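Each remark here refers to the structure printed beneath this line.
The values are calculated or read from the model by the stated rules, or taken from the named source; none is laboratory data. This structure is a prediction, so every number in the text was calculated from the model and none was measured. Neighbour counts are summed over all protein chains in view; Cβ atoms, including those assigned to glycine, are modelled from backbone coordinates with ideal geometry. The protein model used for the area step is the full one, side chains on, heavy atoms only, and it has no ligands, DNA or RNA in it. Shrake-Rupley method; radii C 1.70, N 1.55, O 1.52, S 1.80 Å.
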Amino acid sequence: MNEKTVFQKILSREIPAPILYEDDLVAAFHDINPQAPTHVLIVPKKLIPRVGEAEPEDQATLGALLLAAGKIADQLGVKDRSKGFRLVINHGRDAGETVPHLHVHLLAGRSLDWPPG
Ligand code: 5GP
């Protein structure tokens, strides 16, 4: 069996991290190395390595990631359009993926450049 990803260890509470949001399919916690005043990671409980490897059977999980993002943004007070937030999913080396467990970055709390670097 492959070694657990760091996010699986957080989900199983082997690595402590306050869980901000959890439902049947996904959970969310603060990024250890925040790139904005708010930087949350939303991860599926099922190990999907990266978004391009999701299967049709993962449709509900993919939807749950985005629905959770909206709820967490509301919870953290950044959902209002006068503030706002950005969601990022990195797939592969050129995109900067470092953890092979699908995750959505929720970034907020400062003005974010576009296009991204
Ligand atoms: P990626 O570069 O794969 O899109 O994002 C992986 C993210 O996971 C990075 O932003 C990194 O800071 C975060 N990360 C890596 N290890 C840990 C950890 O042990 N705990 C938490 N909370 N975040 C982590």
* Asked: In this structure, is GLY52 in contact (Cβ under 8 Å) with a residue 12 or more places away in the chain and outside any loop (DSSP other than H, G, I, E, B)?
  -> yes
* Structure fact -> Screening LEU76, LEU67 for residues that are out of contact with any Pro (no Cβ under 8 Å at 6 or more places or on another chain), more than 11 Å from the ligand (Cβ to nearest atom) and open to solvent by 70 Å² or more (accessible area, probe 1.4 Å) leaves only LEU67
* Answer yes or no: is there a residue in the range 79-97 that is more than 15 Å from the ligand (Cβ to nearest atom), of a type in the set (A, V, I, L, M, F, W, C) and either surrounded by 16 or more Cβ atoms within 10 Å (Cβ to Cβ) or in a helix (DSSP H, G or I) (or both). => yes
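Can you name the residue in the range 1-43 that is of a type in the set (Val, Ile, Thr) and assigned to a loop (DSSP other than H, G, I, E, B) and is also farthest from the ligand (Cβ to nearest atom) among such residues?
THR5
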* Which pairs do you get when a residue that is at positive phi, found in the range 92-114, comes within reach of a residue that is at pLDDT 95 or above, reach meaning Cβ atoms under 7 angstrom, with the pair 6+ apart or on two chains? -> GLY92/ARG50; GLY96/ASN90; GLY109/ALA36; GLY109/PRO37; GLY109/THR38; GLY109/VAL78
